[in-house]
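In what follows, a structure is listed as C-alpha cells, so that the remarks can point back to it.
Nothing in this text is a laboratory measurement; each read-out follows from the coordinates by a stated rule. Everything numeric here is computed off the predicted structure, so don't read it as measured data. So basically every Cβ, Gly included, is an ideal-geometry build from the backbone, and we count neighbours across all protein chains shown.
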Ligand code: XUL
C-alpha cells in the first residue's frame, strides 16, 4: 500500500511517497518543484512576491494551484502503481490565507479536466495574493484584537499565542479594514493547507486543529472557533471560515478532475491537511514528551510534543494542536536559511566553504556576535530589520559565518526555555541539518546530543504518515502512533554529534552577553 504526503512550503512543493507492507516500510519516492525555477512566470523570489515594503510578504495562490496540478501529473508519470495508493494528505506553510469569492464552492465542485486548474480558480479569488507567514504588516491589527479580547495573556490562554503579525486573524482583520468590499465578497477564507486540500477533494475542505491554532482564532483547549476572538477580528467571520475537524479525518476522495486529467484511480482517500510544523512533529517521530526537534528551513523552528498546553507567559512562543492529539510547543525564527545564504553569498562561498569557515574559527568567535535580522524578525519581535554586528567588521568572512550560526543557535536555545523541556537530545531536520559543523555549534550551545534525521523533508513524510494513520482509523483499525511512525523516523545512527565540554562552557558564558546585546538592539520593534 502506498501513501503520499505533500508539503507546500514557502519555496517549493514536495511529494513523498511511502510504502507500508506489513512490517516493511520505506520511502519510495520524493519529488520537489521549486517555485522560482519551475514557475518563473509568477515572478516570485524564494516563493515570495517582491515588495517595496519590508513588512509585507505575499505570494500568488495560483502558483500553488499550478504546482499541485503539475506534481500530481508528475507522480502519475513516475512509474509508481497508482492503484496501490490508498490515501494522501498534506502539509503547508502555516498562517498564510487564501480568499475565495462567492461561487468558489460551485467551481470546486465541477472542475473541468480539460482546462488547467489555475485558470479555473483565477476568477474566484477575492484577493489576488495571499499574505504568508513572513508578513509583519499587521501590528495595529494585533493591538486591536489583543485589546478587544482582554490583553495578551488572555489571548494566549485562549488561542495558544499572543497576537502575532503573521497569524491569520490579524491578517484577516487587515484585509477587512483595507478592502471591505473584497472581504464582503469572500465566501471562504482558507489556510494554505485547507485550500490545497479543497482542490484535491473538489469542495471546500475543513482544517485541522494543528493549523487552526496558528490563527489567533481557535479555542486551543476545545479545538473550536473562539467566538470572542472571531468577533474581535472581522464581522461575520464565522460564516467565512472552514470547519475544524480532527487531524485524522478523511475529508473525501480525489475529485473526478484528477482521475480524468492525470489518470488517478477513483476512491483515493484524502485526509485533512495540516501545517508544516505539526506535520514535521510526526515526520521526526516526536509523538511523546521529552525531546525536541530543530528544523532548519526557510524559517528555523524548535518544537516538541506537549501532553498539556503550557502556554508561554513571556509571549515568545506558541502552543499548537498536535496531529497526534495533545499539543506542541514551538518557537519560530524568520531569519533562518535565507540569513545563512545571505552570509554565504556575501563572502562568495558555497556550502563547503561555509563549513570550512566554521571549522577555521573557534567557539565564542573571540567575542564577535551577530543578530542576523536581515528581515524583520519574529523572535524576538523586531520590525526595523537590519543586521547588528558586535566586535568585528562585516568584511571578515570567517567571523561573519561563525557569527550568523552562533547568533541563530544562541537565540534558538534562549527563546525555547519557556517550553520547560530538559533538552538532552535534539533531532535536527531541514536543509541545513546536512551541515555537521553547524550541528556541532548546536550541540555545544544546547549542551545536548544532536541527531540528524535520515529523512529529507520531515513535513512531507509526516503528511504521508498522517495519511496512513487516517486510512487505518477510517478502516476501523486501531492506529497507534508509535506504530505508525516506526521504521520511518529513526535518526541516522552515524550522525550523532556530541557536545564538547569546553565549548559548552564558552556558550554558557556567552548567553547573558547575547541576551544583553539583543535587549539593547531591539529598537522600534521592542514590545
Ligand atoms: C511557524 C511559522 C513557519 C511557517 C513556515 O509558526 O511561521 O515555520 O510555518 O512554513
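Can you give me the number of residues within the stretch 467-510 that are part of a helix (DSSP H, G or I) and loosely packed, with under 14 Cβ neighbours inside 10 Å? Walk me through it before giving the result.
We begin by selecting, within the stretch 467-510, every residue part of a helix (DSSP H, G or I); these are 467-474, 481-485, 493-495, 501-510.
With loosely packed, with under 14 Cβ neighbours inside 10 Å added as a condition, the list becomes 482-483, 493-494, 501-502, 508-509.
Qualifying residue count, the stretch 467-510: 8.
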Legend entry - Test set (1) in contact with a helix residue (DSSP H, G or I) (Cβ under 6 Å, 6 or more places away or on another chain); (2) within 16 Å of the ligand (Cβ to nearest atom) - residue 148 fails condition number: (2)
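Do we have residue 101 as touching a residue at least 12 places away in the same chain (Cβ under 8 Å), surrounded by fewer than 16 Cβ atoms within 10 Å (Cβ to Cβ), more than 16 Å from the ligand (Cβ to nearest atom) and more than 24 Å from the chain's Cα centre (by Cα) here?
On the way: touching a residue at least 12 places away in the same chain (Cβ under 8 Å): yes; surrounded by fewer than 16 Cβ atoms within 10 Å (Cβ to Cβ): no; more than 16 Å from the ligand (Cβ to nearest atom): yes; more than 24 Å from the chain's Cα centre (by Cα): yes.
No, not satisfied.
What are the residues in the stretch 162-216 that are farther than 24 Å from residue 324 by Cα, within 15 Å of the ligand (Cβ to nearest atom) and part of a strand (DSSP E or B), if any? Let's see the steps before the verdict.
Taking the stretch 162-216 as the starting set, the residues that turn out to be farther than 24 Å from residue 324 by Cα are 163-166, 169-189, 199, 202-203.
From what is left, the residues that are within 15 Å of the ligand (Cβ to nearest atom) are 163-166, 169-171.
None - no residue of the stretch 162-216 is farther than 24 Å from residue 324 by Cα, within 15 Å of the ligand (Cβ to nearest atom) and part of a strand (DSSP E or B), so the list stays empty.
Which members of the stretch 271-283 meet the condition of being touching a helix residue (DSSP H, G or I) at 6+ places or on another chain (Cβ under 6 Å) and more than 14 Å from the ligand (Cβ to nearest atom)?
Pass one, the stretch 271-283, residues touching a helix residue (DSSP H, G or I) at 6+ places or on another chain (Cβ under 6 Å): 271, 273-276, 278-280, 282-283.
The answer is 271, 282.
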Inset, instruction - Could you grab me the full set of residues in the stretch 232-257 that are out of contact with any strand residue (DSSP E or B) (no Cβ under 8 Å at 6 or more places or on another chain) and in a helix (DSSP H, G or I)? - result: 232, 233, 239, 256, 257
Legend entry - Single residue of 222, 229 found to be in a helix (DSSP H, G or I) and away from the ligand (no atom under 16 Å from the Cβ): 229
Legend entry - Test: residue 223 is at positive phi and touching a residue at least 60 places away in the same chain (Cβ under 8 Å): yes
